[in-house]
Amino acid sequence: YSDIRRLVAASLLWLAFAQGVSATGVEPVKDLRVDPALCLAAALARDDDKTVAACGALIDNAKTEKADRIKALIARGAAYERKDMPDRAIADYDQALKINSGFSTAYYNRGNAYYNKRELDRAIADYDKAIQLKPNYAKAYISRGNAYAKKGDYERAIADYDQAIQ
């Protein structure tokens with residue numbers, strides 16, 4: 001009976017110890033937030049591989065604040081666009097919009113990704129939403145004008161260009 005108690009006690013101690021050790025078995029587990037500065041610095045430097053890695057770590061960390069997660073998703077999405085990976089970019093913008101459906105930049109960026117995929121109607125819909133959320137969004141007017149021009153609707157394109165100038 002006492003051997004069983006010792007075995008249970010030893011097992012409990014072992015479990016408590018194991019929870020405080022990382023997968024390598026040497027370093028204690030640290031409960032730290034991922035530093036958003038790494039993601040931002042990589043994005044500003046336009047180092048796409050570092051942006052994907054640093055922002056990915058920030059996105060995947062459960063302790064990341066919503067605002068930082070959105071910024072990381074937008075930055076990583078832009079990096080994916082530059083790497084000619086529009087579907088991954090769109091997925092990041094979708095995720096950002098799930099967190100904050102009123103974020104006009106996410107609609108604008110997703111519109112650009114759709115535009116680059118030649119999905120002009122989807123691009124226009126996203127530019128429409130960006131403009132609805134931010135009526136003076138000149139870049140969205142220009143991009144929507146470009147999409148209309150590509151579709152051959154020059155009247156709407158010119159109207160959007162005029163709106164961007166105003």
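List of remarks:
- Per-residue packing, averaged as other Cβ atoms within 10 Å, sorts the ranges 134-141, 154-161, 67-74 into the order 67-74, 134-141, 154-161, beginning with the highest.
- In sequence order, segment 155-163 has phi-based couplings of 4, 5, 4, 5, 4, 5, 4, 4, 5 Hz under the Karplus curve 6.51 cos²θ - 1.76 cosθ + 1.60, θ = phi - 60°, and Gly or Pro positions carry x.
- Förster radius 25 Å - calculated FRET efficiency between Gln132 and Gln166, Cβ distance, rounded to 0.05: 0.90
- Sorting Asp126, Asp35, Asp84 by accessible area puts them as Asp84, Asp35, Asp126; the probe is 1.4 Å, largest comes first, and only protein heavy atoms count.
- Take every pair of alpha-carbon atoms less than 8 Å apart whose residues are at least six positions apart; their mean separation over the length of segment 63-166 yields a relative contact order of 18 percent.
- The ellipsoid that matches the Cα gyration tensor of segment 103-142 has semi-axes, each √(5λ) in whole angstrom, of 16, 9, 8, with the longest given first.
- Cβ-based charge dipole, segment 55-166, positive-most Cα from Ile165, Gly152, Ala75: Ala75
- With 31 Å as the limit, the listed pairs Lys66/Lys117; Lys83/Lys129; Lys66/Lys151; Lys63/Lys83; Lys71/Lys129 have Lys66/Lys151 beyond it between alpha carbons.
- Ser101, Ser143, ranked by accessible area, largest first (probe 1.4 Å): Ser101, Ser143
- Residues of segment 41-56 with an amide N closer than 18 Å to a point placed 7 Å from the Cα of Lys63 along the Cα-to-Cβ direction: 54-56.
- Its residue count N fixes a reference of 2.2 N^0.38 Å for segment 56-166, and the Cα radius of gyration divided by that reference is 1.10.
- Of Asp60, Asp121, the residue with the largest accessible area leads and the full order is Asp60, Asp121 (1.4 Å probe).
The values are calculated or read from the model by the stated rules, or taken from the named source; none is laboratory data. Values in this document were obtained by computation on a predicted structure and should not be read as measured data. Glycine also receives a Cβ, built like all others from the backbone with ideal geometry; neighbour counts cover every protein chain displayed. Quick note on the areas: whole protein, heavy atoms, side chains included, nothing else; ligands and nucleic acids left out. Shrake-Rupley method; radii C 1.70, N 1.55, O 1.52, S 1.80 Å.
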